[in-house]
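Quick notes on the structure that follows.
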Amino acid sequence: MKKCLITGIAGFVGNYLREEVLRQDRTIELHGVQRSGERIRDKKVAKSFHSHELDIRDSMTVSNLIEKIQPDVVYHLAAQPFVPKAILDPWGTLDINVKGTLNILEALRKVGKHVRMVYVSSADVYGKQDPKNMPLREDTIPNPVNPYSASKLSAETYCRQFTAYAQNIEVMIARPFNHIGVGQRLEFVVPNFCSQIASSIKNNESTMMVGDLSSTRDFLDVQDVVRAYTYLAQSGLPGEVYNICSGQEISIQDVLEKIIKIANANVTVKIDPERIRPVETPRLFGDNHKLNKLGWKPEITLDASLSKIYSWINSL
Ligand code: A2R
């Protein structure tokens, strides 16, 4: 029986990845690492995998667990994923994102069994780029501009090095662009807009204040994102980087208008100059040809994804 380990299984993305991995193979022996056991309350979900509570910064515990499981496939998602937190605490971010990844790689190397690992990095490693470089391809030279993306790029480097010299380890590196879905934290742009619009309808307010809406991004539904991770695990090339993106550029303004239409809201959007901050990345979208070549293509449209998210927020 194949053994799979997902780190960060109780997080936003990990939760969807768990579902997708089990949907594709009901017989798989699934293990999940979570830092605290509190996030999965649903008993049926909790029973669907072997849960291991540990901190990936602790090399001994990581090593013992990997020695015990001897996984065939690893999806490494556990991370400190917030840029503002990384700016406040670069050391803590480095510890989790880099040392944590290194602990996993070193434990897999010591076990010696052949393993394929998907390392979930971030499109944020591209950082500050000339808008003319869009859509970003995997061979664009990264230029990280914050401690989060610096830590992700550093961990990517270790993944490539271990793939090169540890005979038993093959790591595929995923660089996801913006992903959205039910359950995402409310501070992210889409749930945030949905929540403001839902409350403007409930409170009969006709004006909504926003910041700069002109920047463009590339959105995928989280279910398409986790499907892409399984494609990398199955047929990605070791040591290679893959953009996980739609390849479609859309302005935040257009996303907001779509949500207003879905909600059938009658709100006027007003730009609040106080909310306008210098945007580091006015345009950000990727080229997904390399991922498409593995057979993946997105299945969920942006409209369908936004509708699901709006209904969820509206029901909270
Ligand atoms: O801190 P917890 O208990 O919420 O667990 C989080 C877990 N995690 C850790 N697990 C073990 N040892 C650690 N030192 C540690 N630090 C964090 O990673 C949580 O379950 C998971 C991250 O989930 P979210 O915060 O919901 O992030 P999301 O959006 O699922 O991102 C997944 C990956 C990350 O590597 C991002 O950098 C990338 O996608 O974009």
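Nothing in this text is a laboratory measurement; each read-out follows from the coordinates by a stated rule. It should be emphasised that the depicted structure is a prediction, and the values quoted were computed from it without experimental measurement. Neighbour counts are summed over all protein chains in view; Cβ atoms, including those assigned to glycine, are modelled from backbone coordinates with ideal geometry.
How are the alpha carbon pair distances in segment 1-115 distributed across 10 Å bins from zero to the largest one, expressed in percent?
Bin by bin from 0 Å, the calculated values are 14, 46, 33, 8, 0.
Evaluate Rg over Rh across segment 163-316, taking Cα atoms for both radii and Kirkwood's formula for Rh.
Using only Cα positions, Rg/Rh for segment 163-316 is 1.06.
Please build a GNM for the chain, connecting alpha carbons under 10 Å apart, and tell me which residue among PHE188, PHE162, PHE12 fluctuates the most.
Result for the chain, Cα springs under 10 Å: PHE188 fluctuates most.
If neighbour count is taken as other Cβ atoms inside 10 Å, put SER121, SER305, SER215 in order from fewest to most.
Ascending number of Cβ neighbours within 10 Å: SER215, SER305, SER121.
ILE141 versus THR207, label points 7 Å from Cα toward the beta carbon: distance in nm?
Between ILE141 and THR207, the simple spin-label model gives 4.8 nm.
Please report, to one decimal in angstroms, the Kirkwood hydrodynamic radius of segment 98-145 built from all distinct Cα-Cα pairs.
Over segment 98-145, the inverse of the mean reciprocal pair distance is 13.2 Å.
Which residues does a label at ASN264 reach in segment 197-211, if reach means a backbone N under 17 Å from a point 7 Å past the Cα toward the Cβ?
Counting only backbone N, you get 197-205.
Please find, in a Gaussian network model of the chain (springs between Cα atoms separated by less than 10 Å), the residue of ASP25, ASP221, ASP72 whose mean-square fluctuation is greatest.
For the chain, modelled as a Gaussian network with Cα springs under 10 Å, the answer is ASP25.
Give me the Debye-computed log₁₀ of I(q)/I(0) at q = 0.06, 0.07, 0.08, 0.16 Å⁻¹ for the chain, equal point scatterers on Cα only, no solvent, two decimals.
Here the Debye-derived log intensity ratios amount to -0.21, -0.28, -0.37, -1.41.
From the cross-link list LYS68/LYS113; LYS2/LYS68; LYS258/LYS290, which pairs have alpha carbons spaced over 22 Å apart?
LYS258/LYS290
Calculate, in nm to one decimal, what GLN248 and SER215 gain on full extension: separation in residues at 0.36 nm each, minus their alpha carbon distance.
10.5 nm
Binning every alpha carbon pair distance of segment 31-80 at 10 Å from zero, what are the percents per bin?
Spelled out per bin, shortest first, that is 21, 57, 22, 0.
Take LEU22, project a point 7 Å from its Cα along the Cβ direction, then tell me which residues of segment 31-72 have their backbone nitrogen under 13 Å from it.
31-32, 40-51
Connecting C-alpha atoms closer than 10 Å in a GNM of the chain, tell me which of PRO90, PRO273, PRO144 has the biggest fluctuation.
PRO273
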